[in-house]
1. Would you calculate the separation in nanometres between label points at ASP46 and SER166, each defined as 7 Å from the Cα along the Cα-to-beta-carbon direction?
2. Only helices at least 24 Å long along their axis, Cα-based, and averaging -1.0 or more on Kyte-Doolittle count here, so list those DSSP H runs from the chain.
3. For the stretch 41-101 and the stretch 131-147, what is the centre-to-centre distance using only Cα atoms, to the nearest Å?
4. Long-range amide H contacts for PHE80: which residues qualify at under 5 Å (H placed 1.01 Å from N, peptide plane, sequence gap of 5 or more or a different chain)?
5. Stretched out fully, how many nm does the piece from GLN54 to ALA219 gain, at 0.36 nm a residue minus the Cα gap?
6. Using 0.36 nm per residue, how much length does the chain from ASP25 to ALA13 gain when fully extended, once their Cα-Cα distance is taken away?
7. So I have (i) 1.17; (ii) 0.91; (iii) 1.34, and one of them is Cα Rg over 2.2 N^0.38 Å calculated from this model. Which one is it?
8. Give me the one-decimal nm value for the distance between modelled label points at ASP247 and ASN6, 7 Å along each residue's Cα-to-Cβ direction.
Amino acid sequence: MQSHLNRLLSIMASLRDPVKGCPWDVDQTFATIAPYTIEEAYEVADAIDRGNMQELREELGDLLLQVVFHSRMAQELGLFDFESVAKTIADKMVERHPHVFAEDDWQSADAVRIGWEGLKAQERAEKARMNGDDASAIDGVALALPALLRAEKLTRRAARVGFDWSTADQIFAKIEEEIAELRAEIAAEAPHERLQDELGDLLFCLANLARHLKLDPEAALRSTNAKFDRRFRAMEAAITATGRTLDEASLDEMEAGWQAAKNDEDDDATPA
């Protein structure tokens, strides 16, 4: 009996067939498929956040399809195939877990983390050497990451070599400094580029603060986005129930509806 993974690989080969395949699938490239790959990864995270295991199964399948799609395109170019992708990650997992597959004795989670980071640092240094580059402590932080997440990872990597603030209070002081600089640029009617630069500095500091507080800035912002979505919809529904649209409501009415939605959530969160 054919495994479902082999069946999926066969389906992708048929879709990419230049004669009998799907015109859309045949036209795709690594660059055109990459946005879908990123989107599917976020949909996996969303299903996890909502605790929907049925959707998680489906979204993991969609993400697997992306790996199969990229692997098929690479195979057509004679670069690599799905089997070599699987072999590469399997070899990497064995190499990075010598406490499981070899003789190293990493007894605690902290020891595993330290050992893991040491192995990854060796891999990054070897990649830099092969590319003819100088190794850096911040190598390997992908450019394609969401900006807040990349900021957190950059500062985490820099902190490992001692380039870091000692306390969260020092970061708060820097945040206040960046807010003052942004206010000054706004007051001076600075050009768009200057405002963007100062706002970026502020966001970077906030991502650094999240790291110090052991928080994920992307998760925090996703949670706030979801909260805004809920409260806005509740406010909108309350006004619509009066037979009016938001365009017909005053800002004070919308603010009152917003506060009512907020209070309802606070009441629901209060133990009976």
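Where a number appears in this text, it was derived from the coordinates with a stated rule and is not lab data. All values reported here derive from a predicted model rather than from experimental measurement. Ideal geometry is used to build each Cβ from the backbone, glycine not excepted, and the neighbour counts take in all protein chains shown.
1. Distance between the two pseudo-spin positions: 4.5 nm.
2. Numbers: long enough: 30-49 (28 Å, 0.32); 53-76 (34 Å, -0.23); 109-130 (31 Å, -0.78); 168-187 (28 Å, 0.04); 192-212 (30 Å, -0.24); 217-240 (34 Å, -0.55); 251-269 (27 Å, -1.44).
Helices meeting the span and hydropathy rule in the chain are 30-49, 53-76, 109-130, 168-187, 192-212, 217-240.
3. Cα centroid of the stretch 41-101 versus Cα centroid of the stretch 131-147: 21 Å apart.
4. Residues meeting the criterion, in which the H sits 1.01 Å from N, are GLN75.
5. Details: separation 165, 0.36 × 165 = 59.40 nm, distance 2.15 nm.
Going from the current span to full extension adds 57.2 nm.
6. On the way: separation 12, 0.36 × 12 = 4.32 nm, distance 1.01 nm.
This chain segment gains 3.3 nm when fully extended.
7. (iii)
8. 6.0
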